[in-house]
Every structure is written in structure tokens, then in C-alpha cells.
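J.: Next up is a structure, given as C-alpha cells.
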Amino acid sequence: MRPVKVCARVLVALAIALTGLGFAPANIAHAYDQLRGANTSSRIVLSYDDCPNSLAAFKATVLAAESLDIGLALFPTGQCLVQGRFDAAFARAHGHHVFNHSVTHPDLRTLSYSRILTELSAPGVVTSYGRPPFGALNSTVTAAYAAKGMKIWLWNLDTLDWQSKSQASVVNHVVANARAGDTVLMHMQWNAFNGTALGQMKSGLAARGLGVCRNYVGTAPVAPASMNCNPTAAPPAAPAARLLSVNTAGQLVRHPFTSARTLGTPITVGSGWHRMTWIGQVPDLDGDRRPDVLARRDDGTLWRYLSTSTNGLGHATQVGHGWNSMSLMTVMPDADRDGAPELIARSSDGSLHRYRINPSSVWKEARIGSGWGSVTHLTWIGDHDRNGTPDLGAIMTDGALRRYGFNTSGSISSSVQIGRGWSGTEALVGIDINGDGAIDLVRKTSSGALTGYQNSSGRWQGPWTVGSGTAMRLLA
């Protein structure tokens with residue numbers, strides 16, 4: 001059971017009183033506010049304490065926040081860094097600030113002055129701001145932070161997410177209660193540390209006219225003097241979408257899109273792919289902001305390829321076997337909010353399964369449905385209904401296109417028809433063609449035509465001719 005956080009406002013008053021400073025006169029401008037911390041703007045800082053559940057979950061969330069143009073304030077413990085579940089350099093390189101949260105997360109008030117100094121040192125983060133565990137302060141703790149050259153940064157809004165609150169509960173609390181300039185307290189090991197929750201908080205606050213701290217352009221400094229939350233910074237450019245295919249000659253080819261939403265000049269990535277019976281693009285697994293690749297060989301083995309450059313792939317790593325019995329295989333960025341992408345696949349008995357994709361393995365998480373024998377094609381279609389959860393698009397044997405929604409536990413929770421007349425489809429791929437953040441569809445018909453359908457506010461607009469798919473044996 002996690003100890004109850006002490007009220008930050010009370011602790012600030014106590015600390016000031018105990019040090020004999022009293023309250024600063026109202027007419028003194030720019031006095032440091034321990035609740036707002038380093039933030040000098042009216043934007044809301046989304047801050048997270050402690051330690052993520054895994055390095056993969058940490059990296060996925062950091063990258064998702066960057067793509068959302070959100071700059072996080074992260075307060076990991078030194079133990080977390082030692083355990084390899086947090087990478088401070090990686091976070092800063094992707095535009096987030098990292099601050100001190102002690103080494104072992106004790107109540108600092110129970111320690112001697114010298115012990116407190118040890119807790120505020122390496123292997124903890126050595127920087128310009130620190131957050132005492134539980135927000136627990138007294139005059140000795142305050143003096144130790146000052147001696148280490150760190151200002152104390154608490155919070156205005158506590159989500160109490162550590163009480164096992166659901167993602168929806170935490171998001172709703174932030175959206176309803178945060179005020180301009182607030183610091184929001186959350187924790188990396190609980191339910192709101194993921195890209196979906198961050199996107200929901202940002203959009204919900206925007207509806208109230210409130211902005212969140214923007215992503216830092218460039219590598220965030222190790223010991224910043226303050227954070228202005230980049231009010232005018234341009235968001236980082238998202239990697240351009242590329243269609244992936246294996247052609248009849250066994251070459252792996254990337255196809256960029258032109259501004260006219262057609263296929264540009266193809267780029268050959270590799271050869272000898274004639275043995276592959278399925279390929280799928282996977283959201284970045286190793287933190288280089290480039291999509292990676294999964295592929296199944298004709299012997300049923302599953303292989304992972306990490307991108308080495310914009311168009312190159314590294315050596316193959318086997319991550320599974322016995323996959324010849326699976327069909328309708330498709331990749332989703334994160335169906336169950338654990339920070340890792342998933343592979344969705346149908347087994348020979350018609351049941352649907354979800355598998356977690358790690359950098360070095362693919363392992364089964366859950367059986368998520370039965371009776372999928374009447375489905376001919378399956379692909380991720382993004383958050384098609386804009387309810388904050390990912391969706392699958394499925395073509396049925398009667399040509400209907402259906403949307404299947406997921407709940408927060410990664411299980412399918414809804415189904416609705418969103419189109420008809422999709423018979424004759426040979427391949428179907430969900431991809432953001434025009435870079436607007438919505439997942440569009442590329443369809444290869446049995447005649448070899450390649451057509452596009454744009455997702456416009458949940459409706460499909462099209463088709464238009466994307467290119468010729470006659471030379472494409474596999475598509476992703």
C-alpha cells in the first residue's frame with residue numbers, strides 16, 4: 001500500500017514557517033512557487049513520479065508524448081535508473097525534462113541531514129529541481145535541497161492515480177480540475193502513463209481553453225533554470241508514412257506518398273523476401289522514431305527487423321515460431337495501454353488473440369474474441385470513432401466493413417458497420433496517407449488496383465487511385 005501523499009499546500013506553508021521566512025508580501029513579483037515549480041507559463045505541466053513498469057513502456061510513452069507535442073516533467077527514483085526501467089538521456093533527447101525524486105523513495109523527514117543528502121545524490125537524477133517523496137517536507141529536508149542546489153517542486157493537482165484508479169478516472173479528474181499554470185501529479189507505474197491518456201488529457205483541456213506544456217525542441221537541458229513550456233515552439237515533424245510491400249521478385253520495397261496522395265518513387269529495402277507469407281510495420285521498438293518490421297516466413301517462424309535508417313533494415317531476429325496456423329494478422333500501436341504495440345491474429349478455430357510485441361519477443365497476452373471465421377481482412381484503423389480507444393477495421397464475407405472498438409483492458413467491446421461493398425479486396429492496410437494524424441485505408445483489389453480512402457471525421461472519402469498493386473505480393 002502506497003503511503004498517502006501529504007497535501008502540498010500545507011507542506012509549503014509549514015516549510016516556510018519553520019525556516020522563519022514567513023509569507024512573501026503580495027507585491028513582490030515572480031516569487032518562486034513550489035507548486036508551479038519550474039513552469040513560468042500558463043500551460044499545465046503533466047508530471048509523473050517514480051518508475052515505469054518497463055523500459056519499453058517508458059520509451060513508448062515518451063515517444064507518444066513527443067508526437068503529441070507534449071513536454072513531460074518526469075521524476076524517477078535513482079533505483080529506477082539502476083534497474084534500467086528509465087533512461088534520462090532518452091527522455092531529454094525527445095524533448096522532456098527529468099528531475100530528482102530521491103534514490104530509494106523514503107519519507108525524507110525520517111532521515112538525518114546527511115542521509116537526506118545521500119538520497120538527493122547519484123544514482124538519483126542530479127539537476128536543478130527535485131520533488132520529495134510523498135511531498136513530505138520539514139526544515140531539515142528544505143535545507144538539504146538548498147544545499148544540493150535544487151529547488152523543491154511539488155504539485156497543485158493530485159490525481160491519486162496510485163489508488164489503482166482507472167485511466168478514464170484519472171483523465172477525467174485532470175480535465176475537470178486543472179487550472180492554468182498547474183502542476184498535475186501522476187505516476188509512471190499506474191494507468192495514465194501512456195499515449196492514449198496523454199492525448200485525451202490534452203484534447204480535454206484544450207476544450208476548456210487550456211494548453212499543456214509543449215515538447216522541448218532539441219535536447220532538454222540536464223539542469224534547466226526554468227521551463228517556459230515552449231509556447232511558440234513548432235511541434236516535431238512526424239515521420240512520413242510509407243507503404244511497405246514485397247514484390248513478385250522477392251524484394252522488400254518502401255513506397256512514399258506524394259502530396260497528391262499517390263505512390264512516389266519506390267525504394268528497395270532488401271532482397272530475398274520471397275519466403276515471407278506476411279509482413280507488418282510496427283511502431284518504433286528501439287527509440288529511433290522509425291517504424292520497424294515483423295515478418296512471417298513460410299516455415300511459420302516470426303522475425304523482427306529494426307530500422308537502421310529512413311529506408312534500411314538491420315539483421316533479422318527470430319521472435320516466434322508456429323505461426324503458420326494464424327491468419328488475419330495485423331499490428332496495432334497499443335490496444336491494452338501497456339505502452340507496447342500488439343499483434344492481433346486469428347487462430348484456426350476462428351478465435352482472435354492479442355500478442356505483445358517486445359524488441360526481442362512476441363508473446364500472447366489474451367484471447368479477445370471467437371467466431372471470427374466470417375472475417376476476410378483485418379487492419380488497424382486508428383481511433384476511428386474518436387473516443388480515445390483504438391479500433392480495428394474488418395471486412396466480412398458479405399462485403400461489409402465493420403469497426404471493432406477496444407476497452408481499456410484491451411478487449412473488444414463494440415462493433416458497428418461503417419461501410420459496404422468491400423468484396424473483392426485482396427489486401428487492406430491502415431496508414432496515415434496525408435499526415436493529418438487520422439488513419440486512412442489503402443486497398444488492393446483482386447484486379448490489382450490500389451485505391452485510397454481518406455478518414456474524414458470518421459467517414460471514408462474516396463476511392464481514388466493510389467497506384468498499381470499488380471507487382472505487390474504482400475502489403476503492409
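J.: Determine, yes or no, whether Thr127 is outside any helix (DSSP H, G or I), surrounded by 18 or more Cβ atoms within 10 Å (Cβ to Cβ) and modelled with pLDDT of 95 or more.
T.: For Thr127, the condition - outside any helix (DSSP H, G or I), surrounded by 18 or more Cβ atoms within 10 Å (Cβ to Cβ) and modelled with pLDDT of 95 or more - is met.
J.: Just to be sure before I move on: is Arg131 touching a Phe, Trp or Tyr at 6+ places or on another chain (Cβ under 6 Å) and of a type in the set (D, E, K, R) in the structure I sent?
T.: yes
J.: Out of the residues in region 403-427 that are of a type in the set (Ser, Thr, Tyr) and assigned to a strand (DSSP E or B), which is farthest from the chain's Cα centre (by Cα)?
T.: Checked region 403-427; the qualifying residue farthest from the chain's Cα centre (by Cα) is Thr425.
J.: Give the residues of region 170-212 that are open to solvent by 50 Å² or more (accessible area, probe 1.4 Å) and not in a loop (DSSP other than H, G, I, E, B), sorted by residue number.
T.: Asn172, His173, Ala176, Asn177, Lys202, Ser203, Ala206, Ala207
J.: Given (1) at pLDDT 95 or above; (2) closer than 30 Å to Ala438 by Cβ, identify the lone condition not met by His105.
T.: Condition (2) is where His105 drops out.
J.: Tally the residues that are hydrophobic (A, V, I, L, M, F, W, C) and without any contact (Cβ under 8 Å) to a residue 60 or more places away in the chain, restricting the search to region 436-476.
T.: Residues in region 436-476 being hydrophobic (A, V, I, L, M, F, W, C) and without any contact (Cβ under 8 Å) to a residue 60 or more places away in the chain: 4 in total.
J.: Among (1) surrounded by fewer than 20 Cβ atoms within 10 Å (Cβ to Cβ); (2) touching a Pro at 6+ places or on another chain (Cβ under 9 Å); (3) not aromatic (Phe, Trp, Tyr), there is one condition Gly424 misses while meeting the rest; what is its number?
T.: (2)
J.: For region 254-264, state whether one or more residues are among the aliphatic types (A, V, I, L, M), touching a Lys or Arg at 6+ places or on another chain (Cβ under 8 Å), open to solvent by 10 Å² or more (accessible area, probe 1.4 Å) and under 30 Å from Ala316 (Cβ atoms).
T.: no
J.: Now, a different point. Select from region 136-193 the residues that are of a type in the set (Phe, Trp, Tyr), more than 23 Å from Val126 (Cβ to Cβ) and without any contact (Cβ under 8 Å) to a residue 40 or more places away in the chain and list them in ascending order.
T.: Of everything in region 136-193, just one residue is of a type in the set (Phe, Trp, Tyr), more than 23 Å from Val126 (Cβ to Cβ) and without any contact (Cβ under 8 Å) to a residue 40 or more places away in the chain, namely Trp190.
J.: Continuing with this model, one more query. Of the residues in region 265-286, how many are free of Cβ contacts under 8 Å to residues at least 60 places away in the same chain, within 11 Å of Arg242 (Cα to Cα) and crowded, with 16+ Cβ neighbours inside 10 Å?
T.: 1
J.: When the residues of region 213-244 are filtered to those that are touching a Phe, Trp or Tyr at 6+ places or on another chain (Cβ under 9 Å) and exposed (fewer than 14 other Cβ atoms within 10 Å of the Cβ), which remaining residue is modelled with the highest pLDDT?
T.: The extreme case among them is Ala223.
J.: Additional query: Determine which single condition Phe75 fails, assuming it passes every other condition in (1) at pLDDT 95 or above; (2) assigned to a loop (DSSP other than H, G, I, E, B).
T.: (2)
J.: Could you please find all residues in region 78-101 being open to solvent by 30 Å² or more (accessible area, probe 1.4 Å), more than 27 Å from Pro231 (Cβ to Cβ) and either assigned to a helix (DSSP H, G or I) or charged (D, E, K, R) (or both)?
T.: Gln79, Leu81, Val82, Arg85, Asp87
J.: Ok, one more. So, Ser67, is that one modelled with pLDDT under 95, among the polar types (S, T, N, Q), open to solvent by 20 Å² or more (accessible area, probe 1.4 Å) and within 16 Å of the chain's Cα centre (by Cα) or not?
T.: Yes, satisfied.
J.: So is Val45 open to solvent by less than 40 Å² (accessible area, probe 1.4 Å) and touching a Ser or Thr at 6+ places or on another chain (Cβ under 7 Å) or not?
T.: Yes, satisfied.
J.: When you scan region 296-363 for strands (runs of 3 or more DSSP E) that lie fully inside it, which ones turn up with 3 or more residues that are touching a Ser or Thr at 6+ places or on another chain (Cβ under 6 Å)?
T.: Here the list reads 313-320.
J.: Another question, if that's okay. Failed condition for Leu14, given (1) modelled with pLDDT of 95 or more; (2) assigned to a helix (DSSP H, G or I), with all others met?
T.: Every condition holds for Leu14 apart from (1).
J.: Look through region 102-124, keep the residues that are among the aliphatic types (A, V, I, L, M) and over 27 Å from Thr61 (Cβ atoms), and return whichever of them is most open to solvent (accessible area, probe 1.4 Å).
T.: My answer is Leu117.
J.: Also, quick follow-up: Only one residue in Gly430, Gly435, Gly405 is modelled with pLDDT under 90, open to solvent by less than 30 Å² (accessible area, probe 1.4 Å) and of a type outside the set (A, V, I, L, M, F, W, C), so which one is that?
T.: Being modelled with pLDDT under 90, open to solvent by less than 30 Å² (accessible area, probe 1.4 Å) and of a type outside the set (A, V, I, L, M, F, W, C) holds for just one of Gly430, Gly435, Gly405, which is Gly405.
J.: Still on this structure: Tell me which residues, restricted to region 249-279, are β-branched (Val, Ile, Thr) and within 19 Å of Asp299 (Cα to Cα).
T.: Listed by number, the residues that qualify are Thr277, Ile279.
The values are calculated or read from the model by the stated rules, or taken from the named source; none is laboratory data. Since the structure is predicted, the reported quantities are computational estimates derived from the model, not experimental observations. Quick reminder, even Gly has a Cβ in these numbers, built from the backbone with ideal geometry, and neighbours come from all protein chains shown. What goes into the accessible areas is simple: the full protein's heavy atoms, side chains included, and nothing from ligands, DNA or RNA. Shrake-Rupley method; radii C 1.70, N 1.55, O 1.52, S 1.80 Å.
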